[in-house]
Amino acid sequence: MKLLITGGAGFIGSAVVRQAIRDGHAVVNLDALTYAACLENVAEAAQSPDYAFEHADIRDRAALDRIFAQHKPDAVMHLAAESHVDRSIDGPADFIETNINGTFNMLEAARAYWVAQGKPEGFRFHHISTDEVFGSLPNDPAVMFTEDTPYDPRSPYSSSKAASDHLVRAWHETYGLPVVLTNCSNNYGPYHFPEKLIPVVILNALAGKPLPIYGKGDNIRDWLYVEDHADALLTVVLKGEIGRSYNIGGENERTNLELVQTLCAILDEKRPAAKPYAEQITFVTDRPGHDARYAIDPTRIRTELGWRPSVTVEEGLAKTVQWYLDNETWWKPLLERAGVGTRLGTKG
């Protein structure tokens, strides 16, 4: 299968690219190479004759039409998006332009291509989204997000992703475009750009800097190892039912404080310092509109497609910490990029 993967130089997208090439698929990686993208993420895949790269922006309809016509993909996996909640609070315009207008352009380009090809039965448009579109949950293990949970986004980021989800469903219902959708929990793992919680904690710990935790650290997230997520996404694009959505979770809920304490314990073992790393934990003013809890009920993808995560959060975090210890040449230059390593989302 030939896959057109948008955002394939980003964190999750690059994991999908690497896994797709390993699985024997042909890949066209479409990426605008914005601040969080790194072509080093796909250096392994780029050695394959089945890999092609297109430097293009999903807001550029003419470029999209050319790429579809030239490469003739069998399926689209649309991951390109602005994804950092804090940045969406400080600068929401980029999120509207990329996540909503960019998705509209992708849908229209895909629809035009699909029609021109005679509406092939096997074509798929796979839209990758987030569990943040569902809003916030109470601290009750019995209550989880399902595919039928009403949308209730609370940040500019999650609102823009909710809007893009609605567009994808509308293009299926109105035009018959064969789509599948996925909504995932928080990802972590190798090649995670150093502005999100886990890489910030690892790198700040190594640098002897404070480990910032919002509020009291009692916000709960379900953590999904990025390579597990890539496997799930490829499962959905190959086996998912047209018009259906699938929630992808790691089955690993932890409070932010528990997560950071686990990271500190792993670092204490792998890179001992003069004092326990947990002594660097610092509580900071909470983020505006900070959702209390996310948790995914993965019953549908497990029962219908046979997918489950392969690692616990402790196993995945140990792998992740080791990867950052072994790959300083990857992350060190990224710390020089605008806004990286500083707290965002506090303006106004």
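Grab the strands (runs of 3 or more DSSP E) fully contained in the range 8-108, keeping just those with 3 or more residues being more than 17 Å from the chain's Cα centre (by Cα) and surrounded by fewer than 23 Cβ atoms within 10 Å (Cβ to Cβ). Step through it out loud before you land on a result.
Numbers: elements: 26-31, 51-55, 75-78.
Hits in the range 8-108: 51-55.
Among the residues of the range 144-156 satisfying the criterion of being in contact with a His (Cβ under 9 Å, 6 or more places away or on another chain) and either at pLDDT 95 or above or surrounded by fewer than 21 Cβ atoms within 10 Å (Cβ to Cβ) (or both), which is farthest from Lys119 (Cα to Cα)? Spell out how you get there, then give the answer.
Start the filter on the range 144-156 by keeping residues that are in contact with a His (Cβ under 9 Å, 6 or more places away or on another chain), which leaves 151, 154-155.
Applying the additional criterion that residues be either at pLDDT 95 or above or surrounded by fewer than 21 Cβ atoms within 10 Å (Cβ to Cβ) (or both) yields 151, 154.
On the way: Tyr151: 31, Arg154: 37 Å.
Ranking the candidates gives Arg154 first.
Residues of the range 160-177 being touching a residue at least 24 places away in the same chain (Cβ under 8 Å) and among the polar types (S, T, N, Q), which ones?
Those that are touching a residue at least 24 places away in the same chain (Cβ under 8 Å) and among the polar types (S, T, N, Q): Ser160, Ser164.
Which one of these is at pLDDT below 95, crowded, with 22+ Cβ neighbours inside 10 Å and either within 30 Å of His127 (Cα to Cα) or polar (S, T, N, Q) (or both): Arg287, Arg221? Reasoning before the result, please.
Working: Arg287 fails: crowded, with 22+ Cβ neighbours inside 10 Å.
Only one candidate qualifies: Arg221.
With touching a strand residue (DSSP E or B) at 6+ places or on another chain (Cβ under 6 Å), more than 22 Å from Phe11 (Cβ to Cβ) and surrounded by fewer than 23 Cβ atoms within 10 Å (Cβ to Cβ) as the only criterion, which of Thr299, Thr282 stands out?
Details: Thr299 fails: touching a strand residue (DSSP E or B) at 6+ places or on another chain (Cβ under 6 Å).
After ruling out the rest, the residue left standing is Thr282.
Is it true that Leu181 is farther than 30 Å from Lys275 by Cβ and assigned to a strand (DSSP E or B)? Please lay out each step first, then the result.
Working: farther than 30 Å from Lys275 by Cβ: yes; assigned to a strand (DSSP E or B): yes.
Against the criterion (farther than 30 Å from Lys275 by Cβ and assigned to a strand (DSSP E or B)), Leu181 qualifies.
Would you please name the residue that is farthest from Glu227 (Cα to Cα), looking only at residues in the range 316-340 that are touching a residue at least 40 places away in the same chain (Cβ under 8 Å) and charged (D, E, K, R)? Walk me through it before giving the result.
Residues of the range 316-340 touching a residue at least 40 places away in the same chain (Cβ under 8 Å): 316-325, 327, 330-331, 334-335, 337-340.
With charged (D, E, K, R) added as a condition, the list becomes 319, 337.
Working: Lys319: 11, Arg337: 25 Å.
Ranking the qualifying residues of the range 316-340, first place goes to Arg337.
Give the residue that is farthest from Cys184 (Cα to Cα), with candidates limited to residues of the range 290-331 that are aliphatic (A, V, I, L, M) and in a helix (DSSP H, G or I).
Taking the range 290-331 and keeping what is aliphatic (A, V, I, L, M), we get 292, 295-296, 301, 305, 311, 313, 317-318, 321, 325.
With the extra rule that they be in a helix (DSSP H, G or I), the set shrinks to 301, 305, 313, 317-318, 321, 325.
Numbers: Ile301: 11, Leu305: 15, Val313: 15, Leu317: 18, Ala318: 21, Val321: 22, Leu325: 27 Å.
Filtering the range 290-331 for residues that are aliphatic (A, V, I, L, M) and in a helix (DSSP H, G or I), the one farthest from Cys184 (Cα to Cα) comes out as Leu325.
The values are calculated or read from the model by the stated rules, or taken from the named source; none is laboratory data. Everything numeric here is computed off the predicted structure, so don't read it as measured data. We place every Cβ from the backbone using ideal geometry, glycine too, and count neighbours over all the protein chains shown.
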